[in-house]
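Any read-out appearing in this document is the output of simple, stated calculations on the displayed coordinates, not a laboratory observation. All of these numbers come straight from a predicted model, not from anything done at the bench. Please note: Cβ atoms are built from the backbone with ideal geometry, for glycine as well, and neighbour counts cover all protein chains shown.
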């Protein structure tokens, strides 16, 4: 699956994009976020408070209980501030 | 029409390019980079976006405006990259036979895109850089349009 990080999440994690196999036992956005936290201090810091983080699956906004599957594009970012 | 671009735009040229069979009102909104927000002067603002999803969400918002109001034409241009105070960030143009549809749909488009198009602003003030936080007033502005649709 393709993971994308934007704004301060990209800064904290240290990359904007990575490809990973769907982790074992992960079937939702929330489980993916929980799994990512264990990958390193940058991830842990970026995903410490999920209430200030937003998700999109295949370019649609998604909640923590949204399913994820192999091949999905999952983006993680702060609340948007355009306009 | 939706355009996401690094380049600046000319509001006059864009308004002149608006076309329709029976246009009686054209409304435009231009968002600019402020020179200060609070006490500290802003040196620059860098807009990051999610290529692909940005265009998709803007097109959805534009389609929603056409569903709600009788519009002859619409244009949304949103810039990305590094901008300085006074620079243009976003342009929304709506055209309709009557002014109320053009005025309301223009306000709707800017309110909705602020809360649902994936852009993020990084502000540079003095020696520090800070990601702009989402404002609850923007959420409230977008929310008032969803109440009207019920």
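In table form, for the structure just shown:
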quantity	calculated
Convex hull (Cα only) mean projected area of chain B, reported in nm² to one decimal	9.1
Folded to 0 to 90 degrees: helix B:136-149 orientation relative to chain B principal axis, Cα	10
Förster radius 35 Å - calculated FRET efficiency between residue B:10 and residue B:143, Cβ distance, rounded to 0.05	0.55
Order by protection proxy (mean Cβ within 10 Å, highest first), peptides B:124-132, B:79-87, A:70-78	A:70-78, B:79-87, B:124-132
Calculated [θ] (222 nm, deg cm²/dmol) that DSSP helices of n ≥ 4 give over the protein assembly as shown, each run adding -39,500 (n - 2.57)	-10000 deg cm²/dmol
Overall Cα dimensions of the stretch B:1-75, principal axis frame, Å, largest first	47, 27, 23
On Cα atoms only, tilt of B:99-116 relative to the major axis of chain B in degrees	40
q = 0.17, 0.20, 0.23 Å⁻¹: log10 I(q)/I(0) that the Debye formula gives for chain A, counting C-alpha atoms only	-0.60, -0.86, -1.18
Contour excess over end-to-end distance, with Cα ends at residue B:84 and residue B:29 and 0.36 nm allotted per residue	17.9 nm
Chain B, relative contact order in percent, only Cα pairs under 8 angstrom and at least six apart counted	32
With Cα atoms, 0 to 90° folded angle of helix B:53-68 axis to chain B main axis	40
Considering only the stretch B:2-149, percent of DSSP beta bridges that pair antiparallel, nearest 5	90
Over the stretch B:67-150, equivalent-ellipsoid semi-axes from the Cα gyration tensor in Å	29, 17, 9
Alpha carbon Rg of the protein assembly as shown, scaled by the compact-globule rule 2.2 N^0.38 Å	1.10
Residue A:58 versus residue B:46: modelled label distance in nm, points set 7 Å from Cα along the beta carbon direction	3.3
